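One structure below.
The values are calculated or read from the model by the stated rules, or taken from the named source; none is laboratory data. Bear in mind the structure is a predicted one, so any value in this text is a computation, not a measurement. All Cβ positions, even for glycine, are placed from backbone atoms using ideal geometry, and neighbour counts span all protein chains on display. These area figures cover heavy atoms from the full protein model, side chains too; ligands, DNA and RNA do not enter into them. Shrake-Rupley method; radii C 1.70, N 1.55, O 1.52, S 1.80 Å.
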Amino acid sequence: MTDLQVNSCEWYLSTNKANHHTDAFDNHELILRRGQPITITLNFNRPLQSGENVMFITETGQSPSEENKTRNTFPLFGNGNQKSWSSVLISSNANTLTVAINSPPDAVIGYYILSVSKNTSSTQEVSPQPIGGLYLLFNPWLHDDDVFLADENERQEYVLNERGVIFSGSDNDMMAMTWNYNQFEKNILEICFAILDRSINYQVDPQSDVAQRNDPLYVCRVLNATLNSKDENGVLVENWSGYYDDGVSPTSWNGSSVILNNWYFRGHKPVKYGQCWVYGGVLCTVLRCLGIPARVVTNFNSAQDKNGNLYIDYLYDTNGSSSEHMQDLIWNFHVWNEAWFIRKDMDSAYSGWQVMDATPLEQSEGIYRCGPAPLVAIKEGDVHLKYDVAFMYASVNADLTHWISYSDGTKKRISNDTKYIGKYISTKAVGSDNRVDVTNSYKYPEGSLEERQVFEKAVKKLLESPYLELEKKLLYFRKIEEQKPRRGNILSGMFSLPQVPSLGQDINLILSLQNLSADSIRVVVNMTASSILYTGRHKYEIWADAKVAPLGPNEGKHISIPLKYPQYKKYMGEDNLIRMTGLCEVEGKEERILVEKDIILVKPPITIKCADTGAMNSAFQAEVVITNTLSETMDSCILSVEGGGLIDGSIQKNLPPLEPGEKTEVNFSITPFKSGNKTLIAIFSCDKIKNIKSYHNITVAP
């Protein structure tokens, strides 16, 4: 009798992929979600004989083994066990068998080879015949999967949506930027598994690493580390210097796929450069691609607590200039990710959204990564829990303390603000581009009894930690208690802007001072203007001045402070941020208050004019309008237009110089080649300013 062989296999690709919510992948392979059956039809060279049984074998990773559950053998005629790989006969006809194959809900994700063998009544296994390959992903639609997400609208948003909105700017001037995740684009799935294969864990022990890929916690922890290039040849190199000539400026990126393709097809060479929103966008792409529900979150006034004491210490000299030696920083905004899954390593109360940060800021267990930290643990101040809850807690809930450093080496604390850190924590709404405030998921209302109780609990937990120098911490907290904060018993002050400041124009600030006492006073104000990065790091001091303001009893006074464009233009980077600081001292008194304002300069406007709807393979016209609001000519002007599903790659045009006040219109013809919600992005750069962007959403009908 001839050996049993498979002549052909019908994979029912379109039906199986549609059933598994993987039909959006631009990939000709079979892509499945674990714990859910597929149907295939096998055509054999002859009918099965009495006593014969078909055996299926699935294998993934290097040296697959039954012990690691990376090799699985299961018979056709057996029990349909939902806890392990299994198969069930649906129908048979002569040499043909139609079979349902199912994987367990905790199967290892990865690329599998499916083989067929014959098992006789003597249980002697014949050499298996490979019949094809398939990808297996996490399954948010399956109740028994650790990543199960009950709400279908949330699954559409956090797993299937290919475009998103990332918020940036500052707490009083938020901006929304479109980001193309494109997790189903050609090659992205292969690249995601290649990222896992470049991890330190895989390099050390590939068998153990692949075996643990059944656990979303493990996969997230590995991805979180491997997206940055600090410890291995990860995907992105970080850079906040403002100098990107040997790479790409972080503000130039509009989506993840270009970055991922650059890394993969250039020999896994880390891509230059990324900042926090780029890391957040790329990690969201990878998580959604693998089937882990994910979203991008922005925290305004985000703390970087380097010494881990839950206090952000800002040092100033007596002239109001900030110390260059400050370790702690407050970023205007910081972007990270949340992923949704069950935490089996701790109490079930900590399941749900898990916070992680792929931007390489701090080491965790010796590697640059942060999280996943349970969102519930951050809110409740459970800073002793893994992973990196303490660091994330400080990011949203540290106290801000201002100190003056005197020439004799002494320091004096002038304020302690419990409400400044962690404002307007934001993410994109489900089903729309609106901003949703999730601050209450991260902490109790500022100033509430619960919030202060959680803070005290967090401090206590940190003091119990064996990883901290206990005596030093106790001494520090004792000092904090001894010096009560001063908030200005005699004087109050604030900076304000009468109009929105535009790049290229003069800025006019108003310093408002109010004498709160019944006595006449003289106030000495030492002021500095500095260009800063969005991370809070000072780049250049632009200008410094001092003013004396006499104030009568209970008198208020407004002082005009002009800052001319020629003064600041050469100090501006892509962040277009100026920090104005005023140290106000009441002569003859102990009173000192610090007044600060961060100014975001508005870039010249560009707008896109086109229809809101279109149809596949049907051309439409788009017009981009650029206006020069600077007081000088824009030279070396370049306009680029791109959009996933609308334009293959990008369209670039060199434009003539733009005089001050001049406007130009540029027309494009666009033919969509994919249906769904798409975004047209226009990017303008010139010698004076880089990467001004505008977005227009278009719904493309099939």
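For every residue, the table says whether it meets (1) over 24 Å from Ile31 (Cβ atoms); (2) open to solvent by less than 10 Å² (accessible area, probe 1.4 Å); (3) not aromatic (Phe, Trp, Tyr).
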| site | (1), (2), (3) |
| --- | --- |
| Val258 | no, no, yes |
| His268 | no, no, yes |
| Tyr273 | yes, no, no |
| Pro293 | no, yes, yes |
| Ser302 | yes, yes, yes |
| Gly308 | yes, no, yes |
Taking Thr285, is it within 22 Å of Gly352 (Cβ to Cβ) and not in a strand (DSSP E or B)?
yes
The number of residues in region 230-272 that are touching a Ser or Thr at 6+ places or on another chain (Cβ under 7 Å) and assigned to a strand (DSSP E or B) is 3
For region 43-55, check the following and say yes or no: at least one residue is crowded, with 19+ Cβ neighbours inside 10 Å, in contact (Cβ under 8 Å) with a residue 12 or more places away in the chain and under 40 Å from the mean Cα position of the chain (by Cα).
no
Test Cys637 against the criterion of being farther than 30 Å from Asn677 by Cβ, within 32 Å of the chain's Cα centre (by Cα) and open to solvent by less than 10 Å² (accessible area, probe 1.4 Å), and give yes or no.
yes
Considering only residues that are polar (S, T, N, Q) and open to solvent by 60 Å² or more (accessible area, probe 1.4 Å), which ones fall in region 164-182?
Asn172
Return yes when Glu185 is surrounded by 23 or more Cβ atoms within 10 Å (Cβ to Cβ), in contact (Cβ under 8 Å) with a residue 24 or more places away in the chain and over 30 Å from Lys419 (Cα atoms) and no when it is not.
yes
Could you tell me how many of the residues in region 358-374 are over 20 Å from Val147 (Cβ atoms), not in a loop (DSSP other than H, G, I, E, B) and not aliphatic (A, V, I, L, M)?
3
Among what's in region 382-436 and is within 22 Å of Arg221 (Cβ to Cβ) and not hydrophobic (A, V, I, L, M, F, W, C), pick the residue that is nearest to the chain's Cα centre (by Cα).
Thr427
Hey, among Gln514, Gln505, Gln567, which residue is polar (S, T, N, Q), over 17 Å from Ile600 (Cα atoms) and open to solvent by 10 Å² or more (accessible area, probe 1.4 Å)?
Gln514
Confirm whether Asp231 is modelled with pLDDT under 95 and open to solvent by 30 Å² or more (accessible area, probe 1.4 Å).
yes
Against the condition in contact (Cβ under 8 Å) with a residue 12 or more places away in the chain, open to solvent by less than 10 Å² (accessible area, probe 1.4 Å) and polar (S, T, N, Q), how does Asn319 come out, does it pass?
no
Of Asn161, Asn139, Asn153, the only residue that is open to solvent by less than 10 Å² (accessible area, probe 1.4 Å) and more than 26 Å from Tyr368 (Cβ to Cβ) is Asn139
For region 337-350, how many residues meet the condition of being surrounded by 17 or more Cβ atoms within 10 Å (Cβ to Cβ) and among the polar types (S, T, N, Q)?
1
Out of curiosity, is Tyr393 in contact (Cβ under 8 Å) with a residue 40 or more places away in the chain, in contact with a Cys (Cβ under 8 Å, 6 or more places away or on another chain) and not hydrophobic (A, V, I, L, M, F, W, C)?
no
Within region 522-533, can one find any residue that is out of contact with any Leu (no Cβ under 6 Å at 6 or more places or on another chain), at pLDDT 90 or above and surrounded by fewer than 17 Cβ atoms within 10 Å (Cβ to Cβ)?
yes
From Ile608, Ile599, residue being open to solvent by less than 40 Å² (accessible area, probe 1.4 Å), closer than 30 Å to Ile692 by Cα and touching a His at 6+ places or on another chain (Cβ under 7 Å)
Ile608
Name the single residue, out of those in region 402-437 being among the aliphatic types (A, V, I, L, M) and out of contact with any Ser or Thr (no Cβ under 6 Å at 6 or more places or on another chain), that is most open to solvent (accessible area, probe 1.4 Å).
Val430
Considering only region 174-189, state which residues are in contact with a Lys or Arg (Cβ under 9 Å, 6 or more places away or on another chain) and either assigned to a strand (DSSP E or B) or of a type in the set (Gly, Ala, Ser) (or both).
Met174, Ala176, Met177, Thr178, Trp179, Asn180
Looking at region 207-224, can you tell me whether even one residue there is touching a Cys at 6+ places or on another chain (Cβ under 9 Å), under 26 Å from Ile681 (Cα atoms) and open to solvent by less than 10 Å² (accessible area, probe 1.4 Å)?
no
Single condition Leu329 does not satisfy, out of (1) open to solvent by 10 Å² or more (accessible area, probe 1.4 Å); (2) under 29 Å from Ala176 (Cα atoms); (3) modelled with pLDDT of 95 or more; (4) not small (Gly, Ala, Ser)
(3)
Cβ pairs under 9 Å, 6+ apart, first in region 275-294 and basic (Lys, Arg), second assigned to a helix (DSSP H, G or I):
Arg288/Tyr158; Arg288/Val159; Arg288/Leu160
Checking the conditions here, which among Ile109, Ile90 is more than 22 Å from Asp3 (Cβ to Cβ) and either open to solvent by 70 Å² or more (accessible area, probe 1.4 Å) or at pLDDT below 95 (or both)?
Ile90
Out of region 681-702, which residues are among the aliphatic types (A, V, I, L, M) and open to solvent by 20 Å² or more (accessible area, probe 1.4 Å)?
Ala701
Exception for His28 within (1) open to solvent by 40 Å² or more (accessible area, probe 1.4 Å); (2) in a strand (DSSP E or B); (3) without any contact (Cβ under 8 Å) to a residue 60 or more places away in the chain; (4) not aromatic (Phe, Trp, Tyr) falls at (2)
From the list Asn16, Asn72, Asn7, pick out the single residue that is surrounded by fewer than 20 Cβ atoms within 10 Å (Cβ to Cβ) and either of a type in the set (S, T, N, Q) or in a helix (DSSP H, G or I) (or both).
Asn7
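This table checks each residue for (1) open to solvent by less than 60 Å² (accessible area, probe 1.4 Å); (2) part of a loop (DSSP other than H, G, I, E, B); (3) of a type in the set (Lys, Arg); (4) closer than 19 Å to Thr178 by Cα.
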site: Asn617; (1), (2), (3), (4): no, yes, no, no
site: Ala622; (1), (2), (3), (4): yes, no, no, yes
site: Leu630; (1), (2), (3), (4): yes, yes, no, no
site: Asp648; (1), (2), (3), (4): no, yes, no, yes
site: Asn654; (1), (2), (3), (4): no, no, no, no
site: Ser669; (1), (2), (3), (4): no, no, no, no
site: Phe673; (1), (2), (3), (4): no, yes, no, no
site: Thr679; (1), (2), (3), (4): yes, no, no, yes
Checking Val355 against (1) in a strand (DSSP E or B); (2) farther than 30 Å from Tyr135 by Cβ, which single condition isn't satisfied?
(2)
